[in-house]
Amino acid sequence: MSTDNLVALSADPTAVHELAPYKTIEADELNARIEAVRKQLGESLLILGHHYQQDEVIAHADLRGDSYKLSQTAADSEACKTIVFCGVHFMAETADILANRPEKLAERNGRRIDVILPDMAAGCSMADMAAIAQVEAAWEDMSEVIDTEKVIPVTYINSAASLKAFCGRHGGIVCTSSNAKAVIEWAFERGERVFFFPDQHLGRNTALGMGIDEPQMPVWDPYALELGGNTEQAIESSRVILWKGHCSVHQMFRAEHVHAFRKQHPGIKILVHPECPREVNDLADVSGSTGKIIQTVQSSEPGTKWAIGTELHLVNRLKAEHPEQEVHFLSPVVCMCATMYRIDLPHLCWSLENLRDGAIVNKIEVDDETTKWSLIALERMLAVK
Ligand code: 13P
Ligand code: SF4
């Protein structure tokens, strides 16, 4: 995407304050102005922040969490009128769907909770790797070889609402990195195979942990001419069909990084996110969602040594918050989520001051039909224990 396009995505014609001047304001002033709006709007404003968000932004969040916790919070929101989501686009979409589901709207006499994403360019490169037309084409294609009535589609929450709706329509479900195993078990109670998208690594690492062998997990390449680049036999003998998608941040962690840390720091423990490739996940001592990574460090003894394979801002925060432990970043190169990083103080202050002055900029609103079907898949996820 060109810089021009990104700038266009950052603007909003409904704004009463233009974005550009905010970019030249010093951080101290932005912080003070953000806090002033928070104070003025009180409980009617809920700022949610994902753990990968930069420190100066997360400092203003009422609540921080991993994708699962943030979805649950949005689903349970009562008091607020507006959620400002310091995360990425799919998270804000999910918040809109859950916060405005029919029973919640009825409880509030039809009043919607508006969801704002401070920068519309805060997308997710993994979510962009699976478009609804590609998923529908793949479904159609595989139905030539296997009975798709017995295939349960599972979408990682890191996907567009249209893919969640696809899962809702086809007896499927959504998962996050913290409940992927329970969700895949749920799917196998209802079907013979799972079609998992868009993250091949989370799907593969989870299924391997459930005893499914890699040869039973063909990878579906949406750009291949036939059957996602697989033979009929590979699809017929599959148990989990994995979409060829990945997280550009987590795919940078390598097995050699694990070996180097173990050699240089005897006794070090390797803690990774399951979006990492199989060879890294297999070598790790602990693998889990960002929530689990934080909890693991929090509950460890002083002096514990960690090399952590997940987004840089979270690892640096853990390093600062746990000086009693030794926290290292697993990769020698910078692995940060560039799209999450687009949410910065100027965008946050701009969206909040517009809100205060009556303009809802960068509103995320999922259409009714997509909401209806994606809600089915999301509610199934929230019901899985
Ligand atoms: P979790 O929040 O589920 O750990 O996922 C990490 C991530 O990549 C979010 O985009
Ligand atoms: Fe998407 Fe990866 Fe960024 Fe998460 S860390 S939002 S999966 S690109």
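The values are calculated or read from the model by the stated rules, or taken from the named source; none is laboratory data. Worth saying up front: this structure is predicted, and the values here are computed from it rather than measured. No Cβ is skipped: glycine too gets one built from the backbone with ideal geometry, and neighbour counts run over all protein chains shown. We work out accessible area using only protein heavy atoms, side chains counted, and drop any ligands, DNA or RNA first. Shrake-Rupley method; radii C 1.70, N 1.55, O 1.52, S 1.80 Å.
What to note about this one:
- Signed unit charges on C-beta, dipole axis of the chain, positive-most listed residue Val258, Gln134, Ile360: Val258
- For the range 226-374, the gyration tensor built on C-alpha atoms gives an oblate shape. Its axis ratio a/c (a ≥ b ≥ c) is at least 1.5, and a/b is not larger than b/c.
- Charge-dipole axis of the chain as Lys and Arg at +1 and Asp and Glu at -1 on Cβ define it, positive-most pick from Ser237, Thr304, Leu283: Thr304
- Averaged over its residues, the chain has an accessible area of 42 Å² per residue, based on protein heavy atoms and a 1.4 Å probe.
- Size of electric dipole in the chain: Cβ of Lys, Arg +1 and of Asp, Glu -1, about Cα centre, debye, nearest 20: 840
- When all protein chains stay in place and ligands, DNA and RNA are ignored, the 1.4 Å accessible-area order of Arg193, Arg38, Arg254, largest first, is Arg254, Arg38, Arg193.
- Taking all protein chains together and rolling a 1.4 Å probe, Glu18 ends up with roughly 140 Å² accessible.
- Relative to the Cα centre, the charge distribution of the range 37-161, modelled as +1 at Lys and Arg Cβ and -1 at Asp and Glu Cβ, gives a dipole magnitude of about 740 debye.
- The charge dipole of the range 14-86, taken about its Cα centre with unit charges on the Cβ atoms of Lys, Arg (+1), Asp and Glu (-1) only, comes to about 160 debye.
- Tally of Lys pairs whose C-alpha atoms are under 24 Å apart, taken over the range 1-148, 8 or more apart or cross-chain: 5
- Of Phe188, Phe166, the residue with the largest accessible area leads and the full order is Phe188, Phe166 (1.4 Å probe).
- With contacts taken as Cα pairs under 8 Å and at least 6 residues apart, the range 174-254 reaches a relative contact order of 35 percent.
- DSSP bridge pairs, the chain: antiparallel proportion in percent, nearest 5: 5
- When the range 306-385 is described by a simple charge dipole with +1 on each Lys and Arg Cβ and -1 on each Asp and Glu Cβ, the residue from Val315, Leu348, Thr370 located farthest towards its positive end is Val315.
- Accessible surface of the chain [probe 1.4 Å, protein heavy atoms]: carbon and sulfur percent: 50
- Figure note: Thr148, Thr176 ranked by solvent-accessible area, largest first, 1.4 Å probe, ligands and nucleic acids not counted: Thr148, Thr176.
- Relative contact order (%) - the chain, alpha-carbon pairs under 8 angstrom, separation at least six: 23
- Cβ-Cβ FRET estimate between Asp213 and Glu379, R0 fixed at 41 Å, reported to 0.05: 0.80
- Our note on the geometry: Cα centres of the range 162-228 and the range 303-338, 29 Å apart.
- Rolled with a 1.4 Å probe across the full set of protein chains, the surface gives Lys292 an accessible area near 90 Å².
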